[in-house]
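The structure appears right after this line, and notes come after that.
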Amino acid sequence: MSKSNLQINLEYLMAGSLLFVFGRLPLRVALFLCAKLGRGAYYFSGRLRRTGLRNLELAFPELDQSRRRLLLHGCFESLGRLLGVFSHFTTADPRTLQSMVECEGLEHIDAARESGRGIILFTGHVGAWELSSFALSLFGHPLSFLVRRIDNPKIEKLVDQRRTRLGNRTIDKRSAAREMLQILQMGGLLGILVDLNTLDREAIFVDFFDVQASTTFMLAKLALRTEAAVLPVFAPWDRHRRRFLLKIDEPLRFERSGDDEDDVRRLTQLFTDVVEKYVRRYPDQWLWIHRRWKTRPPGEPGIYD
């Protein structure tokens, strides 16, 4: 069902106003206020809060409910902080943004590029995931990355302008297959988010926190077909340094077995394990309000009410 012009304009006005107001504040002030705004949103989140607590129950059964609630508070705070930094993508001087990011591991991208192969940079919804691609362009490595277009065309344009300010390109994931192959075959950089629940026809089930999770096989198939290097990239917030970390790990090490189906499954499990490692390291910065385990294997009951 398409949106009316009134709904499109009202949503755009709200989103544009938030980005305008926080984008005019000093960056550190915007980060502080948006984190507080996000934390306050916890109390008005209703269904999202219930989803988050259910996910935390699955992922951390050993924790009591009060500890899970603390982690969920942190999730909302992290989302607010993401809004704060995203609001500055078009207004802040690049040097100001760079001062808020400590980069670790750029040499891994440099080394991978020397081989002449394409590079797949994957991430999950940990910390400021929008910054994981934007910061790469800040540090001289613009890339193309997959997005799901927003169903409000005015907000989509607003968001896309920020994402692509410094040379990044966005690719609509609904019609991306040929373009992704071309990028990798030409030795380019491709970014993919890999930790959302995925429809059956586009996914396989692998373990995520010891629970079967429907996970995209796109990264694995692309890597195996093009022999691209596969590097994890994450942008968590470091409370002690009061900065975001842009963490680029070494390429995943993977040996083919000769069985394509098995290779896809093993590689998908491998990058899912990396995402889980980061979620465990920063458990209050993952997107717990997403129904990650919504799609179930045949015959299994649903996890959410």
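Some notes on this structure:
- Residue order, fewest to most beta carbons within 10 Å, for S99, S17: S17, S99
- As a proxy for reagent exposure, E250, E156, E62 were ordered by neighbouring Cβ count within 10 angstrom, fewest first; the result is E62, E250, E156.
- Where Cα atoms sit under 19 Å apart: lysine pairs in the chain separated by 8 or more or lying on different chains: 6
- A Stokes-Einstein calculation at 4 °C with viscosity 1.567 mPa s, built on the Kirkwood radius of the chain over Cα pairs, returns a diffusion coefficient of 64 µm²/s.
- Hz values of 3J(HN,Hα) by residue in segment 266-279 - Karplus curve (6.51, -1.76, 1.60), Gly and Pro given as x: 5, 5, 5, 5, 5, 6, 5, 4, 5, 4, 4, 4, 6, 5
- Label-point gap, in nm, between E179 and R241 - each point 7 angstrom along Cα→Cβ: 3.3
- Residue-averaged 222 nm ellipticity for the chain, from DSSP H runs of 4+ at -39500 (n - 2.57), nearest 500: -15000 deg cm²/dmol
- Measuring how big segment 104-195 is from its alpha-carbon positions, Rg and Dmax come out at 13.2, 41 Å.
- Taking other C-beta atoms within 10 angstrom as a stand-in for reagent exposure, H290, H88 fall in the order H290, H88, fewest first.
Just so you know, all these numbers are worked out from the coordinates, no wet-lab data involved. Since we're looking at a predicted model, the values are computed, not measured. So basically every Cβ, Gly included, is an ideal-geometry build from the backbone, and we count neighbours across all protein chains shown.
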